[in-house]
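Everything on this sheet refers to the single structure shown next.
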Amino acid sequence: MYNSIATVSLSGSLPEKLAAIAAAGFEGVELFEADVLADPHTPREIGRIIADHGLRCVTLQPFRDFEGLPEPRRAAVFDRAEHKFDLAQELGTDLLMVCSSTVADASGDHARIAADLHELGDRAGRRNLRVAYEALAWGRHVNDHRDAWAIVQAADHPQAGLVLDSFHSLARRIPSETLLDIDPTRIFLVQMADAPTIQMDILQWSRHLRCMPGQGGLALVDYVAALMRIGYDDVLSLEIFNDTFRSHATRVTALDGVRSLIALRDEATQRVKPAGGTLPPKVAVERLDFIEFAASRDDTVKLEALFGKLGFTLGGRHRSKAVSLWRQGQISFVLNSEPDGFAASHGTVHGASVCAIGLAVNDVAAAHVRAQGLRIPSFEQAHGPGERTLPAVRGVGGSLIEFVEAAIDPEQAWMQDFAIDPAADTKGAGLTGIDHFTQTVAHGELLSWRLFYTSLFDIEAEPQVDLVDPVGLVQSEVLHTPNGALTLALNGSASSRTLSSRFVDYYFGAGVQHVALATDDIFTAADALTERGIEFLQMPGNYYGDLVARFGLEESLVARMRRHQIIYDRDATGSYFHLFTRAFERRIFFEIVERRGYAGFDPQGAAIRLAAQTRLKLLPGDPAVPMQSRP
Ligand code: MG
């Protein structure tokens, strides 16, 4: 199978799209006719640009509302087809894609449609061209690939074949086993698109919300596995209509497209032939090993003070670098104050920030090979003699994901580089581990980073939720590994004034906005942290009044929660207590969480938190301050 993409999937001019498609490593391109009509180059020149990029022009598409028409419109539509054949030949493709008719008075008689398709195949054949027929999910009479296949069989012409489109099939919940009945040599084109699994009008769903395989919820692995089982070995072409992609960076979307197809084919191959995948398996994260902060000399002093107030102990200093290790419970924070190198440049761009996440995995080499196979850039920098080197890849906002061998004892590993104080007391304020962290990204990048994580790691994405910020909505998507070792949320907002968007502006890009630290006893931890001088975000009294009524909690418990600014949620699985620190330098903030069986993230509490943070952030004169509250 080889990779292709339809030009409609990308933003930009046609030459920009073609350059991005070639640069991303696609072998083929589907030309969307509207892109050809809007371009100043002649069709022959466009064909030459495609060839110069080393691309194959897979098809010209779409030819609409062709079949079942009464005369004289039938004759006219065949004349129109001849014009499309001229265009296809000039562009350098041998295939015209025909989608099923939506015309109200066209005949739905399959024999009649098959006869029209036979004649079209005949006319195409005279020019050494082919035609391929697709069942649109909203086609007037033909809207199921089983019917399209029956018509192609009845048309019985070697130049007339079938188009399969995963969206049209799976949006209508047609079982992928039905593909097993199709002769693979009669499939001239397979188009791939995923989509979020939501209830909505099928045409609007298709036109606006299609996405790359792995970014939605359709069962594409089963679909491609079925194609592999029948021996289909030709083109897989992305055809994605997505409002965000139409405005997003062309090359980023194109690279995501290639990544999605590589990951999809790998997974489908393994489905058909266990251990037959082309890449090492998805990376299983065993442990979130460390979070590394980059800081200037001044910020280092401030962060050390903050870590101390949070109950962290200086566990050791690097033997040769300005890097320190801070420990509490199972948490390791690395503070990198080196004046040169990656952390320094990350800090120069973003200020004090999380520059790397260390993940313990079972096979570091295999993880690195999988990342490379998915076209995820590797990162390397010079290191001193005897220093531990961690294979790393570029993650969100240019930060790093560093891989650590899970089998190596973490203490032994740290001792290789750090002068560790074995007697250091790491009980601190009773914080035990990292519960989750949030990476805030530009709204248009949410799907891209979701694909990054789900293609590289064995990680599940939960359905996206809207968090209510006082000045807009924040879209949030939680990803978690099956063993719970890694949980993160990707947040982004289309509204420029939300806390998420202000973070991306102020931080100068995407990055970690918040780290949630776990405790077994939030009241004791809150007392200890307050004593150490941590300031917590103030929650409104109205909230606590409602808690009593909403959950039937004891008034004395709610009074304790209010004293510590702890908020609460409960579901069938358990209850959740959490509270938030004030943000450090308008960037990162910390959350303290105690889970009593609860596995969620309290989206209602997030709205209360966002309102509290917005009250703090908005200063008089700030354009984000509502007019009525300006002095
Ligand atoms: Mg299609």
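The values are calculated or read from the model by the stated rules, or taken from the named source; none is laboratory data. Given the structure is predicted, the values throughout are model-derived calculations rather than measurements. Ideal geometry is used to build each Cβ from the backbone, glycine not excepted, and the neighbour counts take in all protein chains shown. Please note that ligands, DNA and RNA were not included when accessible areas were found on the heavy atoms of the full protein model with its side chains. Shrake-Rupley method; radii C 1.70, N 1.55, O 1.52, S 1.80 Å.
Annotation: peptides 325-337, 399-411, 539-551, 359-371, ranked by per-residue average of other Cβ atoms within 10 Å with the highest first, follow the order 325-337, 359-371, 399-411, 539-551. Taking all C-alpha pairs of segment 225-311, those more than 18 Å from each other amount to 67 percent.
Given +1 at the Cβ of Lys and Arg, -1 at the Cβ of Asp and Glu and no other charges, the dipole of the chain around its Cα centre is 1020 debye to the nearest 20. Kirkwood analysis of the Cα pair distances in segment 2-272 returns a hydrodynamic radius of 18.6 Å. What number, in percent, do you get for the relative contact order of the chain if the mean sequence gap of Cα pairs under 8 Å and at least 6 apart is divided by its residue count? Relative contact order, the chain: 9 percent.
Its relative contact order, with pairs defined as Cα atoms under 8 Å and 6+ residues apart, puts segment 122-224 at 24 percent.
With the largest listed first and rounded to whole Å, the semi-axes of the equivalent ellipsoid of segment 175-323 from the Cα gyration tensor are 45, 21, 14.
Mean separation of Cα pairs under 8 Å and 6 or more residues apart, divided by the residue count, gives segment 209-336 a relative contact order of 21 percent.
On a per residue basis, the chain carries 40 Å² of accessible surface, using protein heavy atoms and a 1.4 Å probe. Residue pairs exceeding 32 angstrom between C-alpha atoms, taken from Lys321/Lys427; Lys282/Lys427; Lys17/Lys84; Lys17/Lys282: Lys282/Lys427. Here, segment 177-233 has an Rg and a Dmax of 12.9, 35 Å when only alpha carbons are counted. Taking Lys and Arg as +1 and Asp and Glu as -1, the other residues whose beta-carbon sits under 12 Å from that of Arg146 total -3.
The Glu554 and Gln330 beta-carbon pair, evaluated with R₀ = 35 Å, returns a calculated FRET efficiency of approximately 0.65.
Taking only the C-alpha atoms of segment 37-110, Rg followed by Dmax gives 14.8, 44 Å.
Please list log₁₀ I(q)/I(0) at q = 0.12, 0.18 Å⁻¹ for segment 285-420, using the Debye equation with identical point scatterers on the alpha-carbon positions. Debye curve over Cα of segment 285-420, log10 I(q)/I(0) at q = 0.12, 0.18 Å⁻¹: -0.45, -1.06. Rounded to the nearest 5, the antiparallel percentage of DSSP beta bridges internal to the chain is 55%.
Built from the Cα atoms of the chain, the convex hull projects on average onto 32.6 nm², one quarter of its surface area. In units of the compact-protein estimate 2.2 N^0.38 Å, segment 536-606 shows a Cα radius of gyration of 1.11. A straight line joining the Cα centroids of segment 358-437 and segment 133-190 runs 48 Å.
In the chain, the portion of solvent-accessible area held by carbon and sulfur atoms comes to 51 percent [1.4 Å probe, whole percent, DNA, RNA and ligands not counted]. In segment 480-621, the convex hull through the Cα atoms has an average projected area of 10.0 nm², a quarter of its surface area. Sorting 136-142, 446-452 by their mean Cβ neighbour count within 10 Å, with the most densely packed peptide first, gives 446-452, 136-142.
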